[in-house]
1. For a quick check, take a GNM of the chain with Cα springs below 10 Å and name the residue from ARG38, ARG89, ARG68 with the largest mean-square fluctuation.
2. Of LYS116/LYS250; LYS201/LYS345; LYS88/LYS250, which pairs sit farther than 23 Å apart, going by alpha carbon to alpha carbon?
3. Reachable aspartates and glutamates from LYS119, Cα under 15 Å, same-chain residues fewer than 8 places away excluded?
4. Mind checking which of ALA114, TYR134, SER100 is farthest towards the positive end of the range 56-303's charge dipole, using Cβ charges of +1 (Lys, Arg) and -1 (Asp, Glu) about the Cα centre?
5. With 10 Å bins from zero, work out the P(r) of the range 321-376 over every alpha carbon pair and list the percent per bin.
6. What residue among ALA314, ALA12, ALA91 has the largest mean-square fluctuation in a Gaussian network model of the chain, using Cα springs under 10 Å?
7. Tally Lys/Arg at +1 and Asp/Glu at -1 over every other residue whose Cβ is under 9 Å from the Cβ of ARG330; what's the total?
8. Ignoring everything except DSSP H segments at least 4 long, calculate the 222 nm mean residue ellipticity for the chain; use -39,500 (n - 2.57) per segment, divide by total residues, nearest 500.
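The numbers here are math on the coordinates, done by the rules we state, and not lab data. The structure displayed is predicted, hence computed values, not measured ones. Using ideal geometry, Cβ is built from the backbone for each residue, glycine included, and neighbour counts are taken over all protein chains shown.
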Amino acid sequence: MILRKQFLQHVAQTSPSPMLVEVERAEGSCFYTPEGKRYYDLVAGVSVSNVGHCNPVVVEAVQQQAARYMHVMVYGELVEAPQVEYAKRIAELLPDPLESVYFLNSGAEAVEGALKLAKRYTGRTELISFRRAYHGSTHGAMSMMGTPEGEEWKAAFRPLLPDVQSLEFNDFEQLSRITTRTAAVLVEPLQGEAGVRQPAKGFLKALRKRCDEVGALLIFDEIQTGFGRTGEIFACVKYGVTPDVICLAKALGGGMPLGAFVSSSEIMSSLSHSPVLGHITTFGGHPVCCAAGLAALNYIVEKDLHHKAEAKGAMFECLLADHPQVREIRRGGLLLAVELGVPEKLYRLMELFKEAGVMSDWFLYCDTAFRISPPLTISEMEIEECCEIIRECLDRLD
Ligand SMILES: Cc1ncc(COP(=O)(O)O)c(C=O)c1O
């Protein structure tokens with residue numbers, strides 16, 4: 001009780017109704033309160049904890065690296081093995097020519113770096129994104145929240161970046177608005193906060209083609225879709241489209257804070273001259289975070305979690321789709337939006353979930369659907385039990 005009061009008083013608040021569930025410990029697919037109540041975690045920190053909470057291989061990597069060395073020097077000067085080894089592993093798993101990794105601390109920072117890189121490389125200023133896109137909350141990343149939906153968050157903070165326009169996701173005709181003025185097009189290959197929206201067949205390929213025609217860089221934001229969530233380590237592999245730059249964060253750090261943008265060595269080299277130090281960070285690529293991320297990524301690959309994500313997502317879909325309260329399920333691998341169609345029902349469901357020990361939430365642009373994005377390590381038995389609890393809660397809705 002005292003801790004909750006202090007939380008509200010001293011930890012800066014941005015929500016009028018935080019969940020206020022106190023966490024004592026977390027393990028696998030669940031976390032626990034000091035009273036010993038278990039919560040199935042269907043958010044996983046918004047697709048962060050892909051290898052499960054407190055995965056022993058990640059804990060060990062953190063402990064070992066923390067004991068060896070933590071922060072030593074600002075980014076890009078000293079040779080730090082965890083950083084180098086992780087960058088090499090990411091490059092191995094990404095399609096060519098994506099091989100040069102710039103590590104940062106968060107998703108928004110990765111987007112900032114990618115936008116700056118595109119402007120610097122092309123010498124152009126126009127930036128394009130899509131409606132209902134979410135790329136982060138710093139000024140630059142926020143500028144890329146699509147209009148008009150993004151205005152709810154952007155309006156109070158203008159002026160933001162100039163020369164930004166937003167297109168309709170999946171509208172092939174609007175691709176002609178990408179021109180020789182365009183520095184970059186930023187897109188989530190599968191839109192997350194829009195409420196899990198798949199790209200239409202051929203849309204990402206058409207986008208790639210248009211960017212090539214006009215010399216604009218194509219930037220994929222795989223901050224939410226990366227590291228196995230959609231059925232491949234990276235969604236760009238799943239959709240067969242290679243961007244010029246890819247932004248990574250969330251699961252990149254295996255539970256530790258880490259972001260990155262990755263490009264070809266040729267494009268990335270434009271940050272090292274005219275001016276030098278084209279992007280600067282103190283903590284980016286922190287050795288403990290890189291060690292944790294590498295351990296987590298190796299775990300995903302070794303256990304084939306990315307390929308199993310598809311079947312696990314399908315299992316959730318199959319066990320919930322026929323409930324009379326469920327209007328639709330939108331899904332990419334193990335990222336699901338369960339559509340109820342009415343916000344009031346969803347708010348009530350969240351209360352019922354809290355009582356029953358299920359942690360879910362809605363999406364920034366979609367408050368009529370709840371999120372299912374558990375750790376990729378969730379077992380079939382856990383999925384069954386979880387869906388039983390979810391169905392009991394859905395039964396209690398009017
Ligand atoms: C697709 C996408 N891009 C960027 C971000 C921003 O990441 P961060 O909160 O680490 O800045 C998010 C966070 O939810 C996201 O989902």
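1. Result for the chain, Cα springs under 10 Å: ARG68 fluctuates most.
2. With Cα atoms farther than 23 Å apart: LYS201/LYS345.
3. Candidates past the 8-residue exclusion: ASP163, ASP244, GLU266.
4. So the residue we want is TYR134.
5. With 10 Å bins starting at 0, P(r) equals 24, 59, 17.
6. Its mean-square fluctuation being the largest, the pick is ALA12.
7. That sum, taken over residues with Cβ under 9 Å, equals 0.
8. -11000 deg cm²/dmol
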